[in-house]
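Participant: Right, I'll just put the structure down here and ask away after.
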Amino acid sequence: MSEIKVQECKSPCINNELAGEFKLVSVQAIGKDVVLNLTITNLTTDPKVVNVDIRAASVLYTKKEIHELLKEQKTINIKSCEGSVVPVVITYAMYEYLLTADNSIEVTAACSSEPYDGILIVQTNVVLENPKFEIKLKNKACVNKPAEVEIVFTNPLDREVTDIVVTAEGSGLLQNPISAKGCSVKPNETTTIRITMTPFKAGIKHLLVDLSTSKFQNAKGYLEINVQETE
């Protein structure tokens, strides 16, 4: 959802003249371009020339800005009681190395129009999803017996992924978190990373897996495992 803010102003004020909204029109996935439409609507019967300053930045969950990704200016003409759509494109190349661990991008449009006082600020936040991976238990899980687990990752990006590290943990499954490295993976190729655990408690347990690479951080997955008593 877009957030609209209006700077305090005197009459005639821009908030009585214009309305704005962002709409995401692309998928929210790492590796894809982020495409939004900014719709600015003229609320009156007077045609307007609107100046729009658009910025996008990677941010933390606290909304603290870390890296600027996009900055552009546009001027649009809007007829009376009509709207105008301004496309906003943040390419993968723009954010590839600049996202935070939160995968969050804040997009802001500051709209002004003479002779109206104030600035209409339209803002939205886009959180990108990490790629998925599979977790497979290769043999029966029994107390105090080694069990092999496979983490299967297929690279959905159009870039090679390197520096693959998986970290696994789970109450009753592992005494301490363990990590393993994977080989580089070209686009659409698959890699399998194997880890061995020795469960020490019976019952339904959950293996939690974190996968980080050169292109994204902290992709999460889990597998429910029924640990049997050793016969």
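The values are calculated or read from the model by the stated rules, or taken from the named source; none is laboratory data. Remember, it's a predicted structure, so these values are computed and weren't measured experimentally. Positions of Cβ are generated from backbone atoms using ideal geometry, with glycine treated the same way; all protein chains shown enter the neighbour counts. Heavy atoms of the whole protein, side chains included, go into the accessibility calculation; ligands, DNA and RNA do not. Shrake-Rupley method; radii C 1.70, N 1.55, O 1.52, S 1.80 Å.
Participant: Using a Förster distance of 30 angstrom, determine the FRET efficiency expected from the C-beta separation of Q175 and A101, and round it to 0.05.
Facilitator: 0.70
Participant: A follow-up question, please. How large a share of the accessible area of the chain, in percent, is made up of carbon and sulfur atoms when the probe is 1.4 Å and the other protein chains stay in place?
Facilitator: 47
Participant: How far, in nm, would the chain grow between I76 and R194 when pulled straight, counting 0.36 nm per residue and subtracting the alpha carbon separation?
Facilitator: Stretched out fully, the I76 to R194 stretch lengthens by 36.9 nm.
Participant: Which whole-number value in Å² is the accessible area per residue of the chain, probe 1.4 Å? Walk me through the numbers before you get to the answer.
Facilitator: Numbers: 12520 Å² over 231 residues.
Accessible area per residue, the chain: 54 Å².
Participant: Binning at 5 angstrom from zero up to the longest distance, how are the C-alpha pair distances of region 8-91 distributed in percent?
Facilitator: P(r) over region 8-91, rounded to whole percents: 3, 12, 19, 21, 18, 13, 9, 5, 1, 0.
Participant: Moving on. Return the single residue from I78, I204, I40 with maximal mean-square fluctuation; model: Gaussian network over the chain, springs between Cα atoms under 10 Å.
Facilitator: Evaluated over the chain, the most mobile residue of the options is I204.
Participant: Okay, moving on. Take region 66-172, compute every pairwise Cα distance, and split them into 10 Å bins from 0; I just need the percent in each bin.
Facilitator: Per 10 Å bin, starting at 0, the Cα pair percentages come out as 9, 28, 22, 17, 12, 8, 4, 1.
Participant: Report Rg(Cα)/(2.2 N^0.38 Å) for region 1-160, keeping two decimals.
Facilitator: 1.44
Participant: Quick one: grab the alpha carbon gyration tensor of region 110-193, order the square roots of its eigenvalues as a ≥ b ≥ c, and give me rounded if a/c is under 1.5, else prolate or oblate depending on whether a/b is larger than b/c.
Facilitator: Here region 110-193 falls in the prolate category.
Participant: Region 153-231 to region 31-69: how many Å between their Cα centroids?
Facilitator: Each part's Cα centre sits 37 Å from the other's.
Participant: Same structure again: Remind me, relative contact order of the chain in percent, using alpha carbon pairs under 8 angstrom and six or more residues apart?
Facilitator: RCO, the chain: 18 percent.
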